[in-house]
Amino acid sequence: MTVEQRRVLLTAGSNAKGQLGIGSCEDAHIFTPCNFANCEPDQLPASTSRVVHIACGANHTILLLEHFDGAITLWGTGDGKKGQLGPEYGDPGSQPIFRKLVMPLSASYSHLGYTYKLIAAAWDTTYVVLSCPGKSDVLISMGANDSGALGVGEEGTGSASHLSVPRAVNFDDLFADSSKEGTQPRPICIQSLHAGPRHVIVQLQTVTSDAGVNESPPILAGWGASRQGQLGNVARTTNRPTRIPINIQEDRMVSCALGNQHTLVLHESGRISALGSNKQGQLRLHRAWESVQELGCTWNGTYVLLIDGDKHVLLAMGNNTQGQLGRGNATESASATIEAVKLPAEHTISAFSCGSEHLLTMSGSSEGDSASVLGWGWNEHGNLGLGTLDNVALPTRLWPREDVEEYSEYPQKIVSIWAGCATSWLVVE
């Protein structure tokens with residue numbers, strides 16, 4: 001494989017449990033290549049066509065890879081002591097790198113034609129959605145059950161929580177009235193999956209078993225912590241799926257974002273629904289915003305990408321003690337204003353990703369130059385890859401960086417970005 005064809009997953013940041021998959025448990029202060037078991041070092045598996053998604057918990061990471069033959073594989077690294085990487089993961093020892101995950105429950109579905117569809121991660125819990133045409137999607141949860149995070153009731157709580165094994169979350173009760181008595185329930189499609197540190201939101205819809213045609217209006221369901229009402233007016237913790245009081249039947253959901261104690265939904269009309277805490281000013285939303293494209297949440301902040309004329313504008317609100325609002329200062333514990341992130345004029349956002357309290361943006365400039373990545377916010381673990389541990393209050397160029405000699409070894413074209421719990425991820429080719 002030539003240098004031009006080579007694909008590399010680079011990462012930086014917190015790594016105490018090997019969650020970066022770089023072969024050590026030392027934090028990475030500059031972007032460092034991830035490694036995959038039984039594959040060539042410092043690059044993605046040779047058969048990889050793309051990285052579908054990366055999901056990060058407190059100290060573990062999972063990702064989906066799509067291969068040229070269309071197959072999807074699940075990989076994981078980091079802390080698996082509570083079962084969040086499946087019971088077969090074991091101790092990574094001195095070489096914590098990404099390993100292919102095969103959970104017993106998902107393996108039992110593989111012969112039925114199920115494939116990996118969606119992934120997400122809470123603090124110490126992992127969620128994997130399996131899909132098969134004509135059958136209900138299956139959501140597997142594994143790991144800790146703190147605040148009901150597994151969504152399966154009281155199982156796995158208390159002292160035995162570290163023995164958690166994969167379980168399937170049951171959504172049948174949410175659609176109990178959608179089928180006539182005596183008829184077979186229609187398959188359930190999990191259209192989207194979102195996890196904050198302590199709560200989970202899924203979008204569900206029933207479909208016909210033969211053609212996959214949508215039959216029921218979509219609903220939102222969730223479980224986990226709701227101390228601040230981030231799941232609506234329910235108990236402080238909810239350990240099984242419950243309906244979320246946001247109407248997406250008449251005004252469909254475009255995207256959803258979860259912070260530590262707040263939930264946001266963007267509707268087709270451009271309207272934004274919000275639940276949960278506003279203690280940090282993270283829910284100071286304008287109902288009259290137009291041309292909203294996407295939402296994002298840090299633990300205690302909210303970010304709204306919209307179009308203003310011919311420009312993309314990223315509005316920021318909430319906590320700014322680490323400079324995560326991108327305003328050039330880091331003094332506000334609870335922002336009283338909504339302002340645009342101070343991005344360079346030539347930086348036109350094509351994608352952005354919110355970590356715990358830092359952000360990444362990817363763009364090509366208005367002059368048509370190759371894409372670049374900017375980052376700012378919390379940097380205590382070197383998660384911005386700048387070689388320093390100081391917080392960054394203004395968007396700063398992270399990639400490409402001609403001044404960093406180590407980076408010349410890797411392809412320079414940026415393909416995709418993700419931000420996690422004090423971690424950052426770049427796919428380059």
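The values are calculated or read from the model by the stated rules, or taken from the named source; none is laboratory data. Since we're looking at a predicted model, the values are computed, not measured. Note: ideal-geometry Cβ built from the backbone for every residue, glycine included; neighbour counts use all protein chains shown. Accessible surface is based on the protein model in full, side chains and every heavy atom, while ligands, DNA and RNA are left aside. Shrake-Rupley method; radii C 1.70, N 1.55, O 1.52, S 1.80 Å.
Structural remarks
- Condition check for Val234: touching a Leu at 6+ places or on another chain (Cβ under 6 Å) and of a type outside the set (Ser, Thr, Tyr): no
- In summary, Met317 fulfils each of the numbered conditions (1) within 29 Å of His381 (Cβ to Cβ); (2) open to solvent by 10 Å² or more (accessible area, probe 1.4 Å) with the single exception of condition (2).
- Selection count where residues are open to solvent by 40 Å² or more (accessible area, probe 1.4 Å) and in contact with a His (Cβ under 8 Å, 6 or more places away or on another chain), scope region 70-79: 0
- Hey, Leu389 within 14 Å of Gln324 (Cα to Cα) and of a type outside the set (Val, Ile, Thr) or not: no
- Taking the criterion of being in contact with a Lys or Arg (Cβ under 9 Å, 6 or more places away or on another chain) and open to solvent by 40 Å² or more (accessible area, probe 1.4 Å), the residues of region 235-251 that qualify are Arg236, Thr237.
- Conditions (1) within 21 Å of Leu283 (Cα to Cα); (2) in contact with an Asp or Glu (Cβ under 9 Å, 6 or more places away or on another chain); number of the one not met by Gly229: (2)
- Test result for Ile62, among the β-branched types (Val, Ile, Thr), within 22 Å of Ala28 (Cβ to Cβ), open to solvent by less than 10 Å² (accessible area, probe 1.4 Å) and modelled with pLDDT of 95 or more: yes
- From the options Ser47, Ser24, residue that is polar (S, T, N, Q) and in contact with a His (Cβ under 8 Å, 6 or more places away or on another chain): Ser47
- Unmet requirement for Lys82, which otherwise passes all of (1) open to solvent by 40 Å² or more (accessible area, probe 1.4 Å); (2) under 15 Å from Val8 (Cα atoms): (2)
- Of all residues in region 287-314, those that are of a type outside the set (A, V, I, L, M, F, W, C), open to solvent by 20 Å² or more (accessible area, probe 1.4 Å) and farther than 19 Å from Met253 by Cβ total 6.
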